[in-house]
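Visitor: Here it is, the structure in full.
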Amino acid sequence: MITFGLANPSPSFLLYFFSGVLVALFLVNKSRAVASKACVLRFGKLSLLFDLRILKLCISTSVLLFLLFLFGLETGEYPIPRLKAIATAFWDRNNEFEFVVNSLRLPRVLTAMLTGFCLAISGALFQSLLGNPLVSPDVIGINSGAALCAVFVLAAGGDIGLLPWAAFVGAAVTALSIYSLSWKTGISPGRLILVGIAVNALLASGVTYVMVKYPIERVVAAARWQAGSLFGVSWTEVGTLSVSVIVLTPLALLLMRRLRILQLGDDIASGLGLRVEWERMGLIVLAAALAAVAVAAVGPLGFVALLVPHMVRLVVGQVTGGALLLTGLVGALFLLACDLVAQQLFAPTTLPVGIITAAIGGPYFLFILVRSNNAL
Amino acid sequence: MISQSRAGRARFGPVLWVALGALTICVLSVCSLLVGAVPTDLATVWSAIFRFEPSETEQSVVRHLRLPRTTLALVAGCCLGVAGAITQGVTRNPLGGPGILGINAGAAFAMVTAIHGLNIVTPAGYVWFAFLGAAGAGSLVYFVARAGSGGVTPVKLALAGAVVTALLSAWTSTLLLLDEETLDEARFWLAGSLVGRGTEEMRLLTPLIAVALVGALLMGGALNAFALGEERAASLGQRIGTFRFFAGSISISLAASAVAIAGPVAFIGLAVPHIARSLVGPDYRWITVLSMLIGSSLLLGADIVGRVVVSPRELQVGIVTALIGAPFLIYLVRSRKLAEL
């Protein structure tokens, strides 16, 4: 019998887990039935065209997200009376649970949501930009690029405040090098994936080098970070992430129009007056930046960026600005749920959330790969 | 007349390359015995091998550290090279290689599980786990890439490998996090290192490796037939299923043995068959032979480079091969060869 020194999952956890899965499946099934309806919102000369269906889906996802957020505040190792944690987080500051709720749980829950949001949007941008559902920042090495710089900062004992910047530089440089290395009178998705996998291997070996170069005390911190964990995140991460989300999301929504023109093909896009290469490069840097802030906060978390856009596409089809927002919200929901599972599955031992996303995302991805009919 | 001279050159060429490969191995082996943190000269190496005096420090460094390490590199490189050649032949795919197929990650996962979960700390125990993990991951990737329409394509194979690798390494790193001692033990192995390890594993695996290598050498003709395409091979009288089974078992055994011995060494298995093919042409009877020699020399060369570049520290051989191999993969992807195979 293999034992890993882990406790068995508690019955109440299993109950929550399976009812959660059932509710999720039920809602996905329901959401497919919502009818699509175009609506226009006008303010004088400004107008906004949106799909009522996506709006409904966004609102219901937000409601679910909020409920899960409250649930996340309530769950944890330290016992807190029912509903007391929510009260502590919002109005009742002066009690003995203040530290646990406001310094441990709240930042963790918020980081999970914001990270999921960033990763999912980044994945959706990459996938629609390259016209391939199998591309994502973790498969083509963007995460490794961010990870290499960040692990170096961690292991060399650098300032933690440098982490997001190091990760961003790593991710952006990686994205641009993959793009230029796979350039050959145009970009073919297949070539880009293969070049990305090669670059990923190269960067991963760089991470390995950093791991063996430095003494074990520092390497442990880097290893924990590398597994993708939300353990011990603080308000600093929440701050960096929220600033990035506030800056980058509107940018992504603005660029969505260009992206949709790019999806028509390079010839048509340049015929319509788009500077194709510049637009694409801008979008890639934006997507890499979104991946980088997430990686800087919680480590190179795999499969979220791959899985979530794919699930959303199953329901809403084409990627539009609204769908991008929906993808982000579903990503937040997904990662928050994964983190709760990671905390509770073998409680009191907390697993890194990366293993949960991999355990769900890996088989799902292999399943898509088996089913994929595109000439890859 | 012209065709005769061509035929003559074609017969002569491969023999020349094989001889050159053997020569390279000899030269590199001598270098490997000479180079390292402790300076030694040829005379010391000579006496360490043929007139060994245990009291001499330099001689025992050569005998007990560098000699096993050199043997290890030669055997593991040979296995990886041949495994790559056969994988590429049987998947009819230029990107077949142990690293790409997720074999390294599978071995790492199984080994860490064995060390951490079952408390198996002797090489004799965990070598078989590494072996099983490698075989399992390799088969999984192959079957996923083969399923669906269109058969095994380079991109599908690489993607399936990348995802299985990501999945398994997430589990591996979680196990390592649960236990700092295992992390300390495993991190050097995970980098792919030839230092102070592997002799016991190699002794255990030698019979298997020998059988698999002989099998691989006998398989050249069948691989040639298979390279014509499945239908043609079948019409030439080849039993496709049997052939696939044997070729697959041989290549996975070899790759898994290499990982068990030397740790996850990347890209050797991918690059070697391409080099061999560019030297002797598409004949698998020569490609397998030459892959053995090139594989050995490449791994040994990488190990020597790793000892020299950051001297007096060492760069693990897995890192050196990744630094050389990844650019090679990019070159390969960009070249036209990918479409041709």
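Each reported figure results from applying straightforward, stated rules to the coordinates on display, with no laboratory input. These numbers were taken from a predicted model, which means no experiment stands behind them. Ideal geometry is used to build each Cβ from the backbone, glycine not excepted, and the neighbour counts take in all protein chains shown.
Visitor: Using a cut-off of 18 Å between alpha-carbon atoms, which aspartates and glutamates can reach B:LYS156, once sequence neighbours fewer than 8 places away in the same chain are excluded?
Guide: Qualifying aspartates and glutamates at Cα under 18 Å: A:ASP138, B:GLU340.
Visitor: Based on the alpha-carbon gyration tensor of region A:2-375 and its eigenvalue square roots a ≥ b ≥ c, which shape applies: rounded if a/c is under 1.5, prolate if not and a/b is larger than b/c, or oblate? It would help to have the intermediate numbers written out before the result.
Guide: Details: a/c = 1.65, a/b = 1.19, b/c = 1.39.
Oblate is the answer for region A:2-375, as a/c is 1.5 or above yet b/c matches or exceeds a/b.
Visitor: Rounded to the nearest Å, what's the spacing between the alpha carbon centres of region B:250-305 and region A:254-271? Just the number, please.
Guide: 45
Visitor: Reachable lysines from A:LYS45, Cα under 28 Å, same-chain residues fewer than 8 places away excluded?
Guide: Correct list for A:LYS45: A:LYS37, A:LYS56.
Visitor: I'd like the distance separating the alpha-carbon centroids of region A:8-48 and region A:286-329, in whole Å.
Guide: Between the Cα centres of region A:8-48 and region A:286-329 lies a distance of 16 Å.
Visitor: I've got another one for you. Would you please classify the overall shape of region A:263-332 from the alpha carbon gyration tensor, given that a ≥ b ≥ c denote the square roots of the eigenvalues, rounded means a/c under 1.5, and beyond that prolate means a/b larger than b/c while oblate covers the rest?
Guide: Oblate shape, in that a/c is at least 1.5 and b/c is the bigger or equal ratio.
Visitor: What shape does chain B take by its C-alpha gyration tensor, where a ≥ b ≥ c are the square roots of the eigenvalues and a/c under 1.5 counts as rounded, a/b above b/c as prolate, and the rest as oblate?
Guide: Oblate.
Visitor: Counting residues in the protein assembly as shown as N, plug N into 2.2 N^0.38 Å and put the Cα Rg over that result.
Guide: 1.02
Visitor: Now a separate question. So if we plug the beta-carbon distance of B:LEU217 and B:ALA37 into 1/(1 + (r/R0)^6) with R0 = 51 Å, what FRET efficiency do we get, rounded to 0.05?
Guide: Computed FRET efficiency for B:LEU217 and B:ALA37 comes out at 0.85.
Visitor: Could you pull out every one of the aspartates and glutamates with an alpha carbon less than 20 Å from that of A:LYS30, ignoring same-chain neighbours closer than 8 positions?
Guide: Those aspartates and glutamates meeting the cut-off are A:ASP51.
Visitor: I'd like the per residue volume of the convex hull spanned by the Cα atoms of region B:6-140, given in cubic angstrom. Each step should come with its number before you reach the end.
Guide: Numbers: hull volume 22.5 nm³, N = 135.
Considering the Cα atoms of region B:6-140, their hull volume per residue is 167 Å³.
Visitor: Trypsin sites (Lys or Arg not before Pro), restricted to region A:168-224: which are DSSP loop and have at most 16 other Cβ atoms within 10 Å?
Guide: A:LYS184
Visitor: Sort A:ARG82, B:ARG63, A:ARG257 so that the residue with the fewest other Cβ atoms within 10 Å of its own Cβ comes first and the one with the most comes last.
Guide: Ascending Cβ contact count within 10 Å gives the list A:ARG82, A:ARG257, B:ARG63.
Visitor: Taking other Cβ within 10 Å of each residue's Cβ, how do A:CYS118, A:CYS58, B:CYS26 sort, fewest first?
Guide: With the fewest neighbours first, A:CYS118, A:CYS58, B:CYS26 line up as B:CYS26, A:CYS58, A:CYS118.
Visitor: Using the Kyte-Doolittle scale, find the helices of chain A whose mean hydropathy is at least 1.0 and whose Cα atoms extend 30 Å or more along the helix's long axis, counting only whole DSSP H runs.
Guide: Those that clear 30 Å and a mean of 1.0 are A:11-33, A:52-74, A:106-129, A:189-213, A:235-262, A:276-298, A:321-344.
Visitor: Report, in order of residue number, the helices in chain B meeting two criteria: a C-alpha extent of 24 Å or more along the helix axis, and a mean Kyte-Doolittle hydropathy of at least -0.5; treat each whole DSSP H run as one helix.
Guide: B:2-34, B:67-91, B:123-146, B:154-177, B:199-218, B:240-262, B:284-309, B:317-334
Visitor: Ok, one more. Between region B:41-61 and region A:138-168, what is the separation of their alpha carbon centroids in Å?
Guide: Centre-to-centre distance over Cα atoms comes out at 46 Å.
Visitor: Would you tell me the mean number of C-beta atoms belonging to other protein chains that fall within 10 Å of each C-beta in A:215-228, as a whole number?
Guide: Average neighbour count from other chains, rounded to a whole number: 3.
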